[in-house]
Amino acid sequence: MSDYVLNGASIAEPYHDVTAARTDLAALLRGLALLDANSAALPSLRMNVDPWLQPIVRNDVQASISLGELVHGFYGTPDHDLAAFFDALNRSVPADATLTDIAVEAILRLSPDAPAPGYEETFPGVLAAGIDALICAAMNFILIGLRRSGLWGFDAMGFVSGSDVYLFDHLAEPSHAEAIRSRDCATNLLLGPSGQCGLAYFQVYSLAWM
């Protein structure tokens, strides 16, 4: 299972409405739980912020709710499984923690020069996600975040770097998880040992072959 990288751009600005924040967070966690439904072990959640220090809701200057607090707000509700799922993920801070020097160098060599063919609509999101998108493209990780704008309405994103095209999965809601699973089944044409298709999708190819 590919690791997840939290899209910092999707949580950079706090929500003003706690209900909207909770709705988007629940959609993300439901999507991740769906993607991991048959996994023997959960992947790592890579992030560049401490969820307990990152404000996700701010009603006024004096009051704020952190991402961790919003997640734990699901405990004691019918959605308590979402909080338990989040807590079960192995979190790595920062997002490039445990990566080798070679891997970091590969990430830093990438530059989103242009949209990938067929993925033009996703390019603004790639640019907004910045280093988080590059990590996913280089390492075959899955970019995840809150779907709070049209930038994050896609289940895959892509860009051109030099002469190569990079595509990577993106998830913000359950429909994205379904698309990733379906795409992987169609791409690999084989089933995993658990009886369902693998869940990661990654592609790099040279423009010279297009």
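Quick grid of which residues meet (1) farther than 24 Å from Glu173 by Cβ; (2) outside any helix (DSSP H, G or I):
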| position | (1), (2) |
| --- | --- |
| Leu42 | no, yes |
| Asp50 | yes, yes |
| Asn59 | yes, yes |
| Gly68 | no, no |
| Asp87 | no, no |
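Looking for whichever is touching a residue at least 60 places away in the same chain (Cβ under 8 Å) and over 25 Å from Val126 (Cβ atoms) here; the options are Ala95, Ala88, Ala63, Ala40. Which one fits?
Working: Ala95 fails: over 25 Å from Val126 (Cβ atoms); Ala88 fails: touching a residue at least 60 places away in the same chain (Cβ under 8 Å); Ala63 fails: touching a residue at least 60 places away in the same chain (Cβ under 8 Å).
Among Ala95, Ala88, Ala63, Ala40, only Ala40 is touching a residue at least 60 places away in the same chain (Cβ under 8 Å) and over 25 Å from Val126 (Cβ atoms).
Any residue at all in the range 7-27 that is part of a loop (DSSP other than H, G, I, E, B), of a type outside the set (Phe, Trp, Tyr), at pLDDT 95 or above and farther than 23 Å from Ser149 by Cβ?
No, every residue in the range 7-27 fails to be part of a loop (DSSP other than H, G, I, E, B), of a type outside the set (Phe, Trp, Tyr), at pLDDT 95 or above and farther than 23 Å from Ser149 by Cβ.
Say whether the condition of being under 23 Å from Ala156 (Cβ atoms), out of contact with any Gly (no Cβ under 6 Å at 6 or more places or on another chain), surrounded by 17 or more Cβ atoms within 10 Å (Cβ to Cβ) and of a type outside the set (Phe, Trp, Tyr) is met by at least one residue in the range 63-83.
Restricting attention to the range 63-83, the residues satisfying the condition of being under 23 Å from Ala156 (Cβ atoms) are none.
Looking through the range 63-83, none of the residues is under 23 Å from Ala156 (Cβ atoms), out of contact with any Gly (no Cβ under 6 Å at 6 or more places or on another chain), surrounded by 17 or more Cβ atoms within 10 Å (Cβ to Cβ) and of a type outside the set (Phe, Trp, Tyr).
Hey, among Pro94, Pro43, which residue is more than 22 Å from Ala179 (Cβ to Cβ), under 15 Å from the mean Cα position of the chain (by Cα) and not hydrophobic (A, V, I, L, M, F, W, C)? Before you say what the answer is, go through the steps one by one.
Values: Pro43 fails: more than 22 Å from Ala179 (Cβ to Cβ).
Residue meeting the stated conditions: Pro94.
Within the range 138-169, can you find the residues that are touching a residue at least 40 places away in the same chain (Cβ under 8 Å), among the small types (Gly, Ala, Ser) and crowded, with 17+ Cβ neighbours inside 10 Å?
Gly145, Ala156, Gly158, Ser161
Check every one of the strands (runs of 3 or more DSSP E) wholly within the range 109-210 and list those with 1 or more residues that are touching a strand residue (DSSP E or B) at 6+ places or on another chain (Cβ under 6 Å), more than 22 Å from Gly31 (Cα to Cα) and at pLDDT 95 or above.
Numbers: elements: 142-144, 156-161, 164-171, 202-206.
Ranges flagged: 156-161, 164-171.
Could you run through the range 125-137 and say how many residues are over 16 Å from Asp155 (Cβ atoms) and either polar (S, T, N, Q) or in contact (Cβ under 8 Å) with a residue 24 or more places away in the chain (or both)? Give the derivation first.
The initial filter retains those residues of the range 125-137 that are over 16 Å from Asp155 (Cβ atoms), namely 127-128, 130-132, 134-135.
Narrowing further to those that are either polar (S, T, N, Q) or in contact (Cβ under 8 Å) with a residue 24 or more places away in the chain (or both): 128, 130-132, 134-135.
Result for the range 125-137: 6.
Here is a check on your reading of the model: is Val57 closer than 25 Å to Asp155 by Cβ and hydrophobic (A, V, I, L, M, F, W, C)?
Numbers: closer than 25 Å to Asp155 by Cβ: no; hydrophobic (A, V, I, L, M, F, W, C): yes.
So Val57 fails the test.
Of the residues that sit in the range 88-113 and are of a type in the set (Gly, Ala, Ser) and surrounded by 14 or more Cβ atoms within 10 Å (Cβ to Cβ), which one is nearest to Leu167 (Cα to Cα)?
Applying the first criterion (of a type in the set (Gly, Ala, Ser)) to the range 88-113 yields 88, 92, 95, 97, 103, 106, 111.
Checking which are surrounded by 14 or more Cβ atoms within 10 Å (Cβ to Cβ) leaves us with 92, 95, 103, 106.
Values: Ser92: 23, Ala95: 19, Ala103: 17, Ala106: 15 Å.
Residue satisfying both the conditions and the ranking: Ala106.
Within the range 1-16, does at least one residue satisfy the condition of being surrounded by fewer than 16 Cβ atoms within 10 Å (Cβ to Cβ) and closer than 20 Å to His80 by Cα?
No: zero hits.
The values are calculated or read from the model by the stated rules, or taken from the named source; none is laboratory data. In this text, all values refer to a predicted model and were calculated from it rather than measured experimentally. Note that we place each Cβ from the backbone using ideal geometry, even for glycine, and neighbour counts take in every protein chain shown.
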